[in-house]
1. Assuming a viscosity of 0.890 mPa s and a temperature of 25 °C, what translational diffusion coefficient in µm² per second does Stokes-Einstein assign to chain A, Rh being the Kirkwood radius over Cα pairs?
2. Just the number please: accessible area per residue for the stretch B:1-118, 1.4 Å probe, all protein chains included, in Å².
3. What list of ³J(HN,Hα) couplings, whole Hz, do you get for the stretch B:173-180 from phi and the Karplus terms 6.51, -1.76, 1.60, once you set θ to phi - 60° and write x for glycine and proline?
4. Could you give each residue of the stretch B:30-36 its phi-based ³J(HN,Hα) in whole Hz, using Karplus coefficients 6.51, -1.76, 1.60 with θ = phi - 60°, and x for Gly or Pro?
5. Starting from the Cα of A:Lys354, step 7 Å along the direction of its Cβ; do the same at B:Gln171; then give the gap between the two resulting points in nm.
6. On the Cα set of the stretch A:146-204, report Rg and Dmax in Å, please.
7. Show A:Leu221, A:Leu103 ordered by accessible area, largest first, where the area counts protein heavy atoms only and the probe is 1.4 Å.
8. Using protein heavy atoms only (no ligands, DNA or RNA), what is the total accessible area buried between A and B, 1.4 Å probe, nearest 100 Å²?
Amino acid sequence: MEDFKLMKGNEAIAHAAVRCGADGYFGYPITPQSEVMETLMELKPWETTGMVVLQAESEVAAINMVYGGAGCGKKVMTSSSSPGMSLKQEGISYIASAELPCLIVNVMRGGPGLGTIQPSQADYFQAVKGGGHGDYRLIVLAPSTVQEMADFVGLGFDLAFKYQNPAMILADGIVGQMMEKVVLPPFKPRRTEEEVRQECPWGTTGKLPNRKRNIITSLALEAEVMENINLKLQAKYREIEKNEVRFEAHQCEDADYVLVAFGSIARICEKAMEMAREEGYKVGVLRPITLFPFPTNPIKELSQKVKGFLTVEMSAGQMVEDVRLTVNGTVPVEFYGRMGGIVPSAEEILAALKEKLIK
Amino acid sequence: MKKEIIIAGFGGQGVLSMGKILAYAGLLQGKEVTWMPAYGPEQRGGTANVTVILSDDRISSPILQQFDIAIVLNQPSMDKFEPRVKPGGVLIYDPNGMTREPARKDITIYKVTATETAIAMNAQKTFNMIILGGLLKIAPIVDMEYVMLGLKKSLPERHHHLLAANELAMQQGAKIIEKIN
C-alpha cells in the first residue's frame with residue numbers, strides 16, 4: 001500500500017514545499033490558511049533541508065522577500081488569504097514584470113473587504129486577470145482535493161521556473177481546511193548554489209568576471225523599451241496558453257448540460273451531476289484546473305454539442321465571463337453562485353440547473 | 001459502500017477528534033475519506049461540527065445537505081441536523097442537557113448516555129470515545145482494530161498511555177447504546 005497520510009490541504013502544501021526542495025517561505029498568518037506556516041514551523045525544515053521559513057511583519061514585506069529571493073534564483077513562496085492577497089498585489093506585479101519565478105498560494109475567503117473567514121472564490125478576477133497594475137498574467141492552478149494541494153506545489157514551481165513567471169495556487173477555505181488522504185511527493189534535495197547559477201543565469205547570484213552584472217528591475221523609463229518588455233511578456237503568455245491548459249471532464253461525452261466549476265465547487269457539482277443522472281438528466285462537469293491558461297478549446301468543443309452550460313462559483317459570477325467569451329453565444333451560459341462565505345449545496349445547484357436550463 | 005456522517009456538538013466535546021479517528025480508521029482500512037470541519041465563527045462560539053465521509057469509491061462533494069448518520073451532542077445540533085438525516089437514516093444523541101427528544105418517525109434513533117457514563121467512569125475526557133463505541137456497535141463502518149490504530153495515529157505519543165482507557169470507553173459505549181424507537 002502506498003504511504004497515505006491524512007491531513008488538511010494547508011498542511012499538505014507545507015509538507016510538499018519542503019519535499020520539493022523549496023528554499024524559502026515568507027508569510028503572514030490569516031485564516032483560513034494559517035496552517036501552512038504553522039506546519040512549516042513544526043517541520044523545522046531549516047534544520048534538515050536548510051529551507052528558510054519566516055513570519056514577515058506584513059503581507060507586503062512577505063511578497064517583497066519573495067521578490068528578493070526569486071531574484072537570486074531561489075525557489076521561494078508565500079501564502080495568504082484574500083485580504084492579505086490584495087496587499088501583495090504591488091509586489092506580484094513587480095515580480096511578473098521582472099520575469100521571476102515564484103509560487104503564491106491564495107486560500108480564498110469571503111469578501112470584499114476584511115469579509116469573513118468562510119470559503120469563497122471571489123478572487124478569480126484578481127488571480128486570473130492580473131490583480132495588480134499593468135498587463136501581466138499569473139499561471140493559476142485551482143486544486144479541488146488535498147492531493148492536488150500537495151501536487152500543485154511542485155507543479156507550480158516547475159511551471160514558474162519553466163516560464164520565469166509567478167505561479168499561483170488558487171484554493172478556497174474548503175480545500176484548505178478539509179482533511180483527505182494524500183500521498184506526499186518524494187523528497188527532492190534543494191538545488192546547490194552551482195545548480196541555481198546554472199539554471200538561473202539571469203539571477204543575482206554574484207557577478208562572475210566573465211559576465212556582465214545581472215540587474216533585476218521592473219522599471220524601464222523609455223516607452224519603447226517598456227513596450228518591448230510587454231511584447232515579450234505577451235508572447236510568453238501565448239506560449240503558456242498553447243502548452244499548459246489542464247482540465248478534467250466528468251461524464252461530458254453524452255451530456256446535454258454541462259456544469260463548469262473550479263476547485264471545491266466542482267466536487268459539489270459532481271454530486272449535483274450524480275443526482276441529476278439519477279433523475280435521468282444527462283449532465284456532465286467540466287473542471288478547469290488551470291484558470292490561466294483557461295481551457296477554451298474543450299469548452300468550445302462541448303458548445304458544439306450541448307444544450308447549455310451552468311457555471312457555478314462562490315462569487316457573484318466571475319469565471320462565467322470567460323465561459324461566455326469562449327462559448328460566444330452558441331448556446332446559453334447561465335450562472336449560479338453564493339457569496340460571502342456561503343457554500344452552495346448540490347441540491348441548490350441541481351435546482352438552479354433545472355430552473356435556468358432544463359425548464 | 002458509502003457513509004455520510006455529521007458529528008455535531010459543543011466545542012470541547014471532542015467532536016472534531018472523533019471525526020478524525022473515524023477518518024483515520026477508514027484510511028487505514030483502504031477507504032476514501034474526507035473530513036470537513038465547520039471552521040467558521042460557530043466553532044469559536046460554541047457549536048462545532050464535522051462531516052466525515054467514508055467510501056469505497058471516489059468522493060465527490062465533501063459538503064452535504066443530508067446525512068446517513070447524524071450524531072448530535074447538544075440541543076442546537078439536534079435542532080439543526082435532525083431534519084437533515086436521510087429518510088431511513090440514523091440519529092444518535094446524548095440526552096444530557098437536551099430540552100426535547102428527537103421526533104422523526106422515518107429514521108432510527110439511538111440514545112447514548114455518554115456524559116453520565118463518562119462521569120461514572122471518572123473519565124470525562126473519553127466522552128467522545130463512548131459515543132464512537134456506540135456508533136460502531138450499531139453501524140460497523142470500520143473495524144475496531146483500525147479504530148485503535150487510527151486513535152494511536154491521531155493521539156500524540158505522550159498520550160499513548162491513555163489508549164487502554166479509550167478502548168474501555170468504546171466498549172462501554174457499545175454496551176449502553178439503546179434504540180428508542
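The values are calculated or read from the model by the stated rules, or taken from the named source; none is laboratory data. Since this is a predicted model, take the numbers as computed values, not measurements. Reconstructed Cβ throughout: ideal geometry from the backbone, glycine too, with neighbour counts over all protein chains shown. Ligands, DNA and RNA are stripped out before the accessible areas are found, and what is left, the full protein with its side chains, is counted by its heavy atoms. Shrake-Rupley method; radii C 1.70, N 1.55, O 1.52, S 1.80 Å.
1. D, rounded to a whole number, is 117 µm²/s.
2. On a per-residue basis, the stretch B:1-118 sits at 36 Å².
3. For the stretch B:173-180, the Karplus-derived couplings read x, 4, 6, 8, 5, 9, 7, 10 Hz, x marking Gly and Pro.
4. Here the 3J(HN,Hα) series is x, 8, 7, 9, 9, 10, 10 Hz.
5. 5.1
6. According to the Cα coordinates of the stretch A:146-204, Rg and Dmax are 14.5, 40 Å.
7. A:Leu221, A:Leu103
8. 2200
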